[in-house]
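Asks: Shown below is the structure under consideration.
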Amino acid sequence: MSAPGGAPLDVRALPALLARVHAALAEQREAIDDLNVFPVPDGDTGTNMTLTVRAALDALDAATGPAEAAAAVIRGALRGARGNSGVILSQVLRAVVEVAASSDEPVDASRYARALAEARRLAYEAVNEPVEGTILTVIAVAAEAAAAAVTEHDDLVAVSEATCAATGRAVLATTDQLEVLRDAGVVDAGARGFEVMMGSVHAHLTGAPAPQLSDATPRSRPHRVACDQELTHRFEVQYLLDGDDGGAPALRQRLEVLGDSVVVVASGGLLNVHVHTDDIGAAIEVGLEFGRPSEIEVTHFGDQLEARRTAKSSAAGAVAVLDGDIAGSLAGQQGLVVVPGHAGRLPSVADLLNALGEVAAERVALLPGHPNAVPTAHQTVAVAVAEGGRALDVIDEADSPCAVLAALSLLDVQGPADTVFEEMRAAAAGLRSGEVVAAVRDAATPVGDVREGQPLAVVGGRVVAAPDDPLEALEIVCEQLGAAKAERVTLLLGASAPAAERERAEQLLRAHAEGEVEVLDAGHRPARYSLGVE
């Protein structure tokens, strides 16, 4: 059973469990990528494992009920698995889900141990030539530790705690089990990703932060291959295959002749095939003998390594909560990830943690975009720190779309984070904001009773007027914010603002404001108009 404050491990809990695992992997993604030196130093193990869990979570979201949940997760993880570690991780997920779905009762200590034993079997079965000192070794240690703990007591949380401790020790031991890891002074990246997953499961059961990760700080900078010729094989080939599950062993053997790092897993007539090779055509042609290939992906390691060598991590980055077209226009900006969110549909802690994992920056600031998202942002910081993540900052003052944009205008990704964040905070704090939004229901307000759909003039989070005309409401907001004497006024046109009304809204604003005026077609919700005054 789970601990007080925790959650059970069963099919119904899969959405929460997978979201937690994905958030933790996303937060640790860059750190795991940096550990990646085996089988090739392509620096994508953390990314691949995160994408694998994301694919399982997306498939689960599309399932129509608990009866479909288990099958959806297994197939989603298999379809979305990327790289050696991602494919192996998909088999760990398969084992956990199959055991969880085998009974209507929550998983107990003995079934937990059985799930890890099945994960070990599936993981080793996926490869022809297992290499010790990798994720495979650590999965085996975890399975053995769980089995041993069950013989002493039947408390699931205690067994999980013992298993996590053994997993951490096994991860540290990988450094001395493989020469390439020993030379680089790092632990195995895939093993570290598995440790993150195990810690997330334990946190799910207890409701407490995940156990602290083992100290995997490199004793020296990870080894990087200097040129393409130093690689055993030049290409990574991966594809899906619609074929008989029974063909997986024979296909593995055929691929071993063409290259190495061969992993083939199968479930329900779908095979995920992975190989490092110099002969792309032959690797795909072999698959044709066993079924119909699809989603073929070929990666040239030389290009991938060069891209990683030249990639620059920002000094400062940001995760901002915004909605609509204005959010899309910021996509791809260096050091910035935008999370969709607005009143009534604000992001969760998991959403923010996932976004943090995508920001390549030494320090990251969270811009909540709405007053109700500020506590969530601070909770995200607490979870990230508890799980060994980066230091984070929350710019509380960036609690409206206009304030977020004001802060982002000063995001200097190469500047010193302390200075950059201080300037961003000052920009957001110096902005007075208001909006025109429709009442969502009949209600009593400080300005009297309002009916559903009636325009409300809101300033500083307070309803100050409720006229029948939205442009009259906008005029009241302008007056309340002192737009006439402002140096700069920004008007965001929301998705609900009719085209015929927008020109009149801009004219009204320019008539009231003497300073600089900027009007943006933001397309955000639910506000009809958002106004920022500096």
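Asks: Relative to the first principal axis of the alpha-carbon coordinates of the chain, what is the inclination of helix 417-429, with its axis defined by its Cα atoms, in degrees from 0 to 90 and to the nearest 10?
Replies: 40 degrees
Asks: Relative to the present Cα-Cα distance, how much length would full extension add between GLU503 and SER348 at 0.36 nm per residue of separation?
Replies: 52.2 nm
Asks: Between THR445 and ALA426, with labels modelled 7 Å along Cα→Cβ, what's the label distance in nm to one decimal, could you check?
Replies: 3.5 nm
Asks: With a 1.4 Å probe and all protein chains left in place, how much of the accessible area of the chain comes from carbon and sulfur atoms, in whole percent?
Replies: The nonpolar share, carbon plus sulfur, comes to 50 percent.
Asks: May I ask you to evaluate 6.51 cos²θ - 1.76 cosθ + 1.60, the Karplus curve with θ = phi - 60°, for each residue of the stretch 11-22 and list the ³J(HN,Hα) values in order in whole Hz, giving x for glycine and proline?
Replies: Computed from phi, the couplings for the stretch 11-22 are 4, 5, 8, 4, x, 5, 5, 5, 4, 5, 4, 4 Hz.
Asks: By accessible area of protein heavy atoms, probe 1.4 Å, what ranking do ARG502, ARG111, ARG12 get, highest first?
Replies: ARG12, ARG502, ARG111
Asks: A further question on this structure: When the helices in the chain are scored as -39500 (n - 2.57) per DSSP H run of 4 or longer and the sum is shared across all residues, what 222 nm value do you end up with, to the nearest 500 deg cm²/dmol?
Replies: -15000 deg cm²/dmol
Asks: Next question, about the same structure. Hey, of (1) 21, 46, 27, 7; (2) 17, 40, 26, 13, 3, 0; (3) 23, 53, 23, 2, which did the structure itself give for P(r) over Cα pairs in 20 Å bins from 0, in percent when calculated?
Replies: (1)
Asks: Further question on the same structure: Figure the gain on full extension for ASP521 and HIS300 (residue separation times 0.36 nm, minus the Cα-Cα span) and round it to one decimal in nm.
Replies: Taking 0.36 nm per residue and subtracting the Cα distance, the gain is 75.4 nm.
Asks: Something else: Using alpha carbon centroids, what distance separates the stretch 445-488 and the stretch 330-405, in Å?
Replies: Between the Cα centres of the stretch 445-488 and the stretch 330-405 lies a distance of 28 Å.
Asks: I would also like to ask the following. At 7 Å along Cα-to-Cβ for each site, give me the label-to-label distance between GLU105 and HIS378 in nm.
Replies: 4.3 nm
Asks: Give me the percent relative contact order of the stretch 394-456, please, defined on Cα pairs under 8 angstrom at least 6 residues apart.
Replies: 28 percent
Asks: Could you state the angle between the C-alpha long axis of helix 109-125 and the longest principal axis of the C-alpha atoms of the chain, as a value from 0 to 90 degrees rounded to the nearest 10?
Replies: The two axes meet at around 70 degrees.
Asks: Another question, if that's okay. Test of understanding: what is the full-extension gain from GLU362 to GLU487, defined as 0.36 nm times their sequence separation minus their Cα-Cα distance?
Replies: 41.6 nm
Asks: Identify the residues of the stretch 113-148 with backbone N under 16 Å of a label point that sits 7 angstrom from the Cα of ALA165 along the Cα-to-Cβ direction, or state none.
Replies: Only 142-148 pass the distance filter.
Asks: Here's another thing I want to ask about it. Note down the net charge around ALA117, summing +1 for each Lys or Arg and -1 for each Asp or Glu among other residues with Cβ under 15 Å from its Cβ.
Replies: So the surrounding residues net to 0.
Asks: Give me the distance in nm between label points sitting 7 Å out from Cα along the Cα-to-Cβ direction at ASP61 and GLN333, one decimal.
Replies: 2.3 nm
Asks: Given a 1.4 Å probe, how much area per residue of the stretch 379-427 is accessible, in Å²?
Replies: 40 Å²
Asks: Taking the Cβ of ASP323 as the centre, find all other residues whose Cβ is under 10 Å away and add up their charges (Lys, Arg: +1; Asp, Glu: -1).
Replies: Computed value for this residue: +1.
The values are calculated or read from the model by the stated rules, or taken from the named source; none is laboratory data. All values reported here derive from a predicted model rather than from experimental measurement. Glycine also receives a Cβ, built like all others from the backbone with ideal geometry; neighbour counts cover every protein chain displayed. Surface areas here come from the heavy atoms of the whole protein model, side chains and all, with no ligands, DNA or RNA. Shrake-Rupley method; radii C 1.70, N 1.55, O 1.52, S 1.80 Å.
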